[in-house]
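What follows is a short report on a single structure.
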Amino acid sequence: MLKNDLLKSEISFEHIAVLEALPMPAALFSASADILCANELYKHHFQSSLKEIVLTRLNALEVNSNSNVSEFDLRCLEMQCIEPFMHSENDRHYWLTLKPHFQQSGELKHVLLCCADITNLKQLEQNLQKHNFELKQQVYFDHLTGVRNRRCFDLHVDEWQQKLNGDQILELCFIMLDLDNFKQVNDQYGHVFGDQVLADSAGILSDVIKHVDFAQIYRLGGEEFAIALPSLALTKACQIAQQCCEQLFASSKYAVDPAIQLSVSCGVAAWQNSELLMQTLNRADDALYQAKHANKNCTFYTDGHSVRMFKPEI
């Protein structure tokens, strides 16, 4: 990797000795980013020349061509900040630093590249990110169904309230959902089977809303779920709620035992100007109460004045 013709004019044996003494991969590059010499550690770690990478950084330097550059000016030039940067190669990660050296004229003579192997640090960072992600899953997601939990729901309600107050969103609907007759599933088939029913039901409800922009589903506790629909009008929210009823019922309507023929009741409410979201949620709960005490497997909604059963157009 050493060029003999450059050795005579630009590189002394002292340069080479210093490179070999460094406890890290290091190399000397010309002003045009051609490699002049490198120590054995550099040759061991890098198969590529790094020319394009080094050249990109050198192009950001402010290089003078004034023949009257003082020693002080040269030192200032050499103190120019080339931000350290990361480079990955062969499943290893490196932190690279460049140190420029200038001629008396102010023109760039060569640049020293030093490399710190940060693979272990990078792996620790990745493990920490994975651990933080897993903690977030435990804090904000329901372990049984995989959907967001009550803690996350309460947090998002506060965020939506701020956005509504700031006119960042103008509409917001809530669907409150409760699986019908779920207690008899647990009583007849046990809680393990009941847990699987909850997980499957959450998957079906999630599929209904997966193509609805910004829609989120939450398990509030037991067999109760909530769906939030930012920027969606009441009529559209009722249609989505009715799809939830139909899809969940269709998933088990041919079950031999009526105890596992699933259905869900839904209550829908839309936020109204000046009211708090907790009031919207209470109205959605009232609509759900009416659905549970009517036919079940249906959707009721409130327009702020009355609670009515939603009847989709045929």
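Below is a table of values for the structure above.
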| read-out | value |
| --- | --- |
| For Gln216, residues with placed amide H under 5 Å, excluding near neighbours | Ala228 |
| Ordering of 118-124, 108-114 by burial proxy (mean other Cβ atoms within 10 Å per residue, highest first) | 108-114, 118-124 |
| Heavy-atom accessible surface of the chain: percent carbon and sulfur, 1.4 Å | 52 |
| Order of exposure, largest accessible area first, which applies to Phe141, Phe133 with probe 1.4 Å | Phe133, Phe141 |
| For segment 267-273, Karplus couplings with θ = phi - 60° (6.51, -1.76, 1.60), whole Hz, Gly/Pro x | x, 10, 8, 10, 4, 10, 3 |
| Surface accessible to a 1.4 Å probe, Ile53 within the full protein complex, Å² | 50 |
| With DNA, RNA and ligands ignored, accessible area of Met309 (1.4 Å probe; Å², nearest 10) | 70 |
| Sorted peptide list for 183-192, 284-293, criterion being average Cβ within 10 angstrom, highest first | 284-293, 183-192 |
| At least 20 Å along the helix axis (C-alpha) and Kyte average at least -1.0, DSSP helices within the chain | 191-209, 234-250, 277-292 |
| Share of alpha-carbon pairs per 5 Å distance bin for segment 101-202, given as whole % | 2, 9, 10, 10, 10, 10, 10, 8, 7, 5, 4, 5, 4, 2, 2, 2, 1, 1, 0 |
| Nitroxide proxy distance, nm - points 7 Å out along Cα→Cβ at Gln47 and Glu20 | 2.7 |
| Accessible area (Å², per residue) of the chain, counting only protein heavy atoms and a probe of 1.4 Å | 57 |
| Cut-off under 5 Å, modelled amide H: who pairs with His93 long-range | Ile118, Thr119 |
| Cα convex hull of segment 189-290, projected area averaged across orientations, nm² | 7.0 |
| Under-5 Å amide H pairs with Ile169, H placed in peptide plane, nonlocal only | Leu164 |
| Proportion of all alpha-carbon pairs of the chain beyond 28 Å (%) | 59 |
| Within the chain, percent of DSSP bridges classed antiparallel, to nearest 5 | 90 |
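The values are calculated or read from the model by the stated rules, or taken from the named source; none is laboratory data. No experiment lies behind these values; they were computed from the predicted model shown. Cβ coordinates were reconstructed from backbone atoms using ideal geometry, including for glycine residues, and neighbour counts include every protein chain displayed. For accessibility, only protein heavy atoms count, side chains too; no ligands or nucleic acids. Shrake-Rupley method; radii C 1.70, N 1.55, O 1.52, S 1.80 Å.
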